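Note sheet for the following structure.
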Amino acid sequence: MPGAIYAEGLVKTFGDVRALDGVDLDVPEGTVLGLLGPNGAGKTTTVRVLTTLLQPDSGSAVVAGIDVLKHPNEVRRSIGLSGQFAAVDEYLTGRENLQMVGQLYQMSARDAKKRAGQLLERFNLADAADRPAKTYSGGMRRRLDLAAALVVSPPVMFMDEPTTGLDPRNRQQLWEVIQELVGGGTTLLLTTQYLEEADHLADDICVVDHGKVIARGTSDQLKARTGGERVEVVVHEPEQIGPAREVLAGYGKGEVAVAEHTRKLTVPVTGGAKLLAEVIRDLDARGVEIDDIGLRRPTLDDVFISLTGHAAEAAEGNGEDEDAVAGKPGQGRKSQKETAQ
Ligand SMILES: Nc1ncnc2c1ncn2[C@@H]1O[C@H](COP(=O)(O)OP(=O)(O)OP(=O)(O)O)[C@@H](O)[C@H]1O
Ligand SMILES: [Mg+2]
């Protein structure tokens, strides 16, 4: 049985650009799919096709059990969408925007008002609730757009880069809202350029690049594909590199790599923390003094680079800089500190 979101062979071209080049998706009910990919990968195009806003050249899609191409209006009634480009009425206040959405969905005026109040609290917009949206900052607008998508809780939700441009506190809060939503049975397709977000929220991840799904699996499965875990040791004295290398070679599932100038040795292993304890005892027995030792697991960042040859993050700031890193191999990836907000 196909899942709550199902797509097969979606193709969409814009002139010479093959935005979607045969996308297949299957998202089981009540789960979160993270669609991960760099700028221009085809994430928004996928969302627009699945939410009936764009006709594909070929392929088929079923959302909430309804054929997207045959019955777009019915699909629209069963889904919620929060877009990369906010659909907020500038001249209405935040509160009015949310009430209007409620009434569009046939809520009574009283219910719509109540729901608007709850969401304004939830998204830290209560203080600005009665100001026109045109006076809102970028992050406030973003939150209002997300709140609007949550006025009714449809069985299937699409969120296109929901947390791009949000500060860490608001991002954290949105993650909580999303987890609650999914806990209540909603199926969610979420696009993101933040690897950490996919790691945190998604049950399954599809990595897209150039309109194709180039890898899929859970975060752990994708990480395992990238070579698994390593032990990293920094020895205190250059003379200790030799004995340390011998010890590590005994545990390694591959070559021991040595960076002489930093006195750092790295070896792929399996066995986790237990193995690490043994390595430490052995190094100690050989009289090797350790400055630093650790078990390093691959991050989704590593996965992304090994799959696509380039980093996932947009450039500086909030990730809205369109051309920043897209398709430029060799661009240095950003440090974990910068990306993991
Ligand atoms: N309406 C359009 N007309 C022409 N080209 C388009 C149109 N929409 C998308 N494209 C092209 O299709 C490709 C995929 O775009 P899409 O917006 O789906 O990427 P994305 O993964 O959402 O990127 P981003 O991370 O920047 O939001 C890009 O090369 C884009 O320039
Ligand atoms: Mg997009």
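The values are calculated or read from the model by the stated rules, or taken from the named source; none is laboratory data. Quick caveat, the model's predicted, so the values are computed rather than measured. Cβ coordinates were reconstructed from backbone atoms using ideal geometry, including for glycine residues, and neighbour counts include every protein chain displayed. Ligands, DNA and RNA are excluded from the accessible area calculation, which covers all protein heavy atoms including side chains. Shrake-Rupley method; radii C 1.70, N 1.55, O 1.52, S 1.80 Å.
Observations
- Residues of segment 28-82 that turn out to be hydrophobic (A, V, I, L, M, F, W, C) and assigned to a helix (DSSP H, G or I), as a count: 4
- Pick from segment 215-265, criterion hydroxyl-bearing (Ser, Thr, Tyr) and in contact (Cβ under 8 Å) with a residue 40 or more places away in the chain, ranking: least open to solvent (accessible area, probe 1.4 Å): Ser219
- The single condition among (1) open to solvent by 10 Å² or more (accessible area, probe 1.4 Å); (2) in contact with a Ser or Thr (Cβ under 8 Å, 6 or more places away or on another chain); (3) among the hydroxyl-bearing types (Ser, Thr, Tyr) that Thr191 does not meet is (1).
- Among the candidates Leu283, Leu276, Leu201, residue that is of a type in the set (A, V, I, L, M), touching a residue at least 40 places away in the same chain (Cβ under 8 Å) and within 30 Å of Glu29 (Cα to Cα): Leu201
- Criterion (open to solvent by 70 Å² or more (accessible area, probe 1.4 Å), polar (S, T, N, Q) and in contact with an Asp or Glu (Cβ under 9 Å, 6 or more places away or on another chain)) met by exactly one of Thr299, Thr308, Thr270: Thr270
- Of all residues in segment 47-64, those satisfying the criterion of being touching a Phe, Trp or Tyr at 6+ places or on another chain (Cβ under 9 Å) and closer than 14 Å to Val156 by Cβ are Val47, Leu50, Thr51, Ala61, Val62, Val63.
- Selection of segment 1-27 for residues being farther than 21 Å from Ile66 by Cα and of a type in the set (Ser, Thr, Tyr) yields only Thr13.
- Residue check for Leu190: in contact with a Phe, Trp or Tyr (Cβ under 9 Å, 6 or more places away or on another chain), outside any helix (DSSP H, G or I), among the hydrophobic types (A, V, I, L, M, F, W, C) and within 30 Å of Ala224 (Cα to Cα): yes
- Cβ-Cβ under 9 Å pairs, at least 6 apart or on other chains, segment 40-62 side over 18 Å from Gly3 (Cα atoms), far side within 12 Å of ligand 1 (Cβ to nearest atom) and of a type in the set (Phe, Trp, Tyr): Thr44/Phe85; Thr45/Phe14
- Answer residue from segment 164-194, given it is within 13 Å of ligand 1 (Cβ to nearest atom) and farther than 10 Å from Val32 by Cβ and is farthest from the chain's Cα centre (by Cα) among those: Gly165
- Among the candidates Asp199, Asp204, residue that is modelled with pLDDT of 85 or more, open to solvent by 40 Å² or more (accessible area, probe 1.4 Å) and in contact with a Lys or Arg (Cβ under 8 Å, 6 or more places away or on another chain): Asp204
- Residues in segment 54-77 that are open to solvent by less than 20 Å² (accessible area, probe 1.4 Å) and at pLDDT below 95: Val75 alone.
- All positions within segment 28-53 that are of a type in the set (Val, Ile, Thr), within 16 Å of ligand 2 (Cβ to nearest atom) and open to solvent by 10 Å² or more (accessible area, probe 1.4 Å): Thr44, Thr45
- Of the residues making up segment 110-135, those that are open to solvent by 10 Å² or more (accessible area, probe 1.4 Å), more than 17 Å from Gln173 (Cα to Cα) and in contact (Cβ under 8 Å) with a residue 40 or more places away in the chain are Pro132, Lys134.
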